[in-house]
Structure formats: structure tokens, C-alpha cells
1. Per residue of segment 28-36, in order, report the coupling 6.51 cos²θ - 1.76 cosθ + 1.60 (Karplus, θ = phi - 60°) as ³J(HN,Hα) in whole Hz, putting x for Gly and Pro.
2. Please say if segment 152-202 is rounded, prolate or oblate, where rounded means a/c under 1.5 for a ≥ b ≥ c the square roots of the C-alpha gyration tensor eigenvalues, and otherwise the choice is prolate for a/b larger than b/c and oblate otherwise?
3. In this model, which of K16/K179; K62/K179; K29/K96; K78/K179 are farther than 19 Å apart at the alpha-carbon?
4. Long-range amide H contacts for F131: which residues qualify at under 5 Å (H placed 1.01 Å from N, peptide plane, sequence gap of 5 or more or a different chain)?
5. List the aspartates and glutamates whose Cα sits under 19 Å from the Cα of K196, skipping any in the same chain fewer than 8 residues away.
6. Cα convex hull of segment 46-92: how many Å³ per residue?
7. Please list, ordered by chain and number, the residues whose modelled amide H lies under 5 Å from the amide H of A136; skip anything fewer than 5 residues away on the same chain.
8. Restrict the search to segment 60-89; then list the chymotrypsin sites (Phe, Trp or Tyr not before Pro) that DSSP places in a loop and that have at most 14 other Cβ atoms within 10 Å of their Cβ.
Amino acid sequence: MNRIPKNCRYVRTFVKPSQCFQAGVLISKYNYIALLSDDISLNKENYLEEVYKNINLVENKKTILSLKLSSYGVDLWKKFEEYNYMETPSAAVIKKSDFFSLGGIDSRFVAVNHDTDLYLRFLENGFKNIFIDIIATEHIRKPLVPSLYNKFSKNDQLLLKKLWFTNGVFSLRRKDYVKSYSADNLLDATVEPFGKWKNTSFIFNFFKYNFFYYLLIKTFTLDFNFIYNFYLRNKDNFFIKIVKKIIKS
């Protein structure tokens, strides 16, 4: 059995993922936070040293530090047309007080895109983003490994578009206020919208999240990552478009 290092803390909760980020920042002890996920690997071992060399920029100036995130072969630190060729932060190190001053995570996000919304708010408020020379690569999931993005990105992406796009065109000016979390009860009850995390009872989730239940549901719904990954690689194929149209109808 693997033991958690002494300088790490494990917090057990069944609230939605975006709320977990907010709770994690709230209960953290120190002045800086890094919004990292558990499915990345770094190309260098001296990640903290690279951060430390530049931490004065975060402390004394309106600056955030980003890793260079690569996801399924796409380098997300590049300038994308969708965002008017603006460099968007990813896997960033920020000052905790800045996180709260900008409202933290917007509670309307369920599982993904809450970090993108947060980073855009940093840029909107005049913060500069600096990429440090470390690449974080997102793991390609095996067939039985769950994917929050595959499952919950649709509604969260719609919210992101609603907040930052007008008629499909991006603007670095948010169209709505941040609906912030209250500091109370963050670990015990999911704030709407719930996603699949409405029931936060330990007993209920003990049975719901066991492997056999999970495998049964995935089998009935054909919810396997290799199917989704195959679709991503071939979504522009004529035959795949026809199959998609048939399924939707």
C-alpha cells in the first residue's frame, strides 16, 4: 500500500470537481497555489526549482507562471485563433490572495473549464502570463479510466462560451459576474449545478463508485475512452459523420 508523503494532505469528499479546487485552495496553508491535475507527467524533475527562481514575479508583480501543457498531442501553450491568437495560461502557479480577490472558481462550472475561466479573469485584470520551460503532458487514458472532460465538457464549455464569446467571437471582457462559492460547507454539499455529484453521502458513494458498478455502467453505455479517442481522430470522416447523425436522430 502506498503511503502519502508527510508534506501532503488527502481530503476525502464527494462534491463536484470544480468545488474540490475551491476547497483545496481554501484549506491550503501557504501563499502560492498550483492548479495541477493528477493525470499529467512533467518532463523535468526540477519543477519546483523553476518556479522558485521566478516566484518573485508572482509576489511583486501582476504575474502568473504557467507550465507548457500538452494534451493528446496538442500543445496548449500555442496561440490559438479561437482566442484571437492570445497565449492562454495552463497549469498555472498563482498567488492565493490573487485567486480570492478575483472571486475564485465560478460555482456554475461542474467539472472542467473552471480553470480556463479563472485564467482569463487574471488576464482581463491585467496580469501577465509567463511560461516556464517545463512541459506537462496529459496522460492518454486507458479504456477503463474515467474522463471528466469526455463526460462533462459539453455544459461547462457552453458556460465558458457564454461568458467570453459573442456570436462565436472571443473577447477578453467577461460578460457576467463571478458566482463565487461560500466558504461554508464546501466539502459536504455540492453547490448547483450538481452534475452527478448531488448525493455526497459516504455510504451511497461507496457503492456507487466501486469498480464493478462502474464497469457495468460503462458497458451498457459504451462509455469507453478508446471509443471517444477514435471519434476524435476520425470525427471529420464522412462515415463517422453519418453514424453521428443517426445516433442523434
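Just so you know, all these numbers are worked out from the coordinates, no wet-lab data involved. Nothing here was measured: the structure is a model prediction, and the numbers come from that model. Because the Cβ atoms are built from the backbone with ideal geometry, glycine has one as well, and the counts that use them run over all protein chains shown.
1. Each residue's phi maps through the Karplus curve to give 5, 9, 10, 7, 10, 9, 10, 8, 10 Hz.
2. oblate
3. Too far apart for the 19 Å limit: K62/K179; K78/K179.
4. Answer set, sorted by chain and number: S66.
5. Result set, ordered by chain and number: D106, D156, D188, D223.
6. Cα convex hull per residue, to the nearest whole number: 80 Å³.
7. K68, L69, S70
8. Hits after loop and neighbour filter: Y72, Y85.
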